[in-house]
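The values are calculated or read from the model by the stated rules, or taken from the named source; none is laboratory data. The structure displayed is predicted, hence computed values, not measured ones. Cβ sites come from the backbone with ideal geometry, for glycine too, and all protein chains shown count toward neighbours.
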Amino acid sequence: MKLLLHTCCTACAIYPYESLLKENIIPTIFFFNPNIHPYREFRKRLASLKEYISQTNAKSIIDEDYRLDWFLQKIVGSGEERCRICYTLRLQETARVAKEKGYDAFSTTLLVSIHQNHKAIKEIGERVAKDTGLIFYYRDWRDGFDYAHKKAKELNFYLQTYCGCIYSEEERYRPSKRRKIRKDFGS
């Protein structure tokens, strides 16, 4: 199976990548994350992921475009739907590139995070797969979250402190917002 693995950051890439290799699937890492802000954060995550790719000899497709205006046009004013919109944007682009380049399936390292809404990611991934004729390769990799972050830290990879968008940065640093959002995450 040729699989394109949407990857948001190094820490989230480690466990899914290793798990797929154990299943005899050699994924291509795909970086497309217009949600990551500010620009310095985007560059830190990208540099870290490139180093991981270099160390593992992973195949990769990297989109280095920083699309602040495009992302904000899609997300501003969406309220509580913003995460679903963000998942959709990234999974649609992953599937588009997968189809264009002849992949059979796509997945995302968002599925390793204990902070993401797995139910929404799975629903969106399956809908995008149906629309494109590809397979959405769903795996619940959350059991590897701690392992991946520990390994990233041991290997000196950059570890971010928030999901990536300016809204998640606010939630990370403003406790009153954090409590409200945390209860919204589904399993």
Inset, instruction - Among the candidates LEU111, LEU89, single out the residue that is surrounded by 16 or more Cβ atoms within 10 Å (Cβ to Cβ), touching a residue at least 40 places away in the same chain (Cβ under 8 Å), closer than 22 Å to MET1 by Cβ and not charged (D, E, K, R). - result: LEU111
Legend entry - Candidate set from segment 1-27 (those that are within 11 Å of the chain's Cα centre (by Cα) and within 19 Å of GLU100 (Cβ to Cβ)); member that is surrounded by the most Cβ atoms within 10 Å (Cβ to Cβ): THR7
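When you look at ARG82, is it charged (D, E, K, R), under 16 Å from the mean Cα position of the chain (by Cα) and closer than 21 Å to LEU5 by Cα, yes or no?
Answer is no for this residue.
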Legend entry - Which numbered condition GLY144 fails, given (1) in a helix (DSSP H, G or I); (2) of a type outside the set (Val, Ile, Thr); (3) under 18 Å from PHE106 (Cα atoms); (4) touching a residue at least 60 places away in the same chain (Cβ under 8 Å): (3)
Legend entry - Every residue from segment 113-127 that is part of a loop (DSSP other than H, G, I, E, B) and of a type in the set (Val, Ile, Thr): ILE114
Inset, instruction - Pick out the one residue from GLU123, GLU100, GLU93 that is acidic (Asp, Glu), modelled with pLDDT of 95 or more and within 19 Å of LEU46 (Cβ to Cβ). - result: GLU93
Inset, instruction - Count, please, the residues in segment 1-30 that happen to be hydrophobic (A, V, I, L, M, F, W, C) and in contact with an Asp or Glu (Cβ under 6 Å, 6 or more places away or on another chain). - result: 1
Inset, instruction - Within segment 38-65, track down each residue that is over 12 Å from PHE157 (Cα atoms), within 15 Å of the chain's Cα centre (by Cα) and among the aliphatic types (A, V, I, L, M). - result: ILE61, ILE62
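Conditions (1) touching a residue at least 60 places away in the same chain (Cβ under 8 Å); (2) of a type outside the set (S, T, N, Q), marked per residue:
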site: ASN24; (1), (2): no, no
site: PHE31; (1), (2): no, yes
site: ALA47; (1), (2): yes, yes
site: ALA58; (1), (2): no, yes
site: LEU68; (1), (2): no, yes
site: GLU80; (1), (2): yes, yes
site: SER107; (1), (2): yes, no
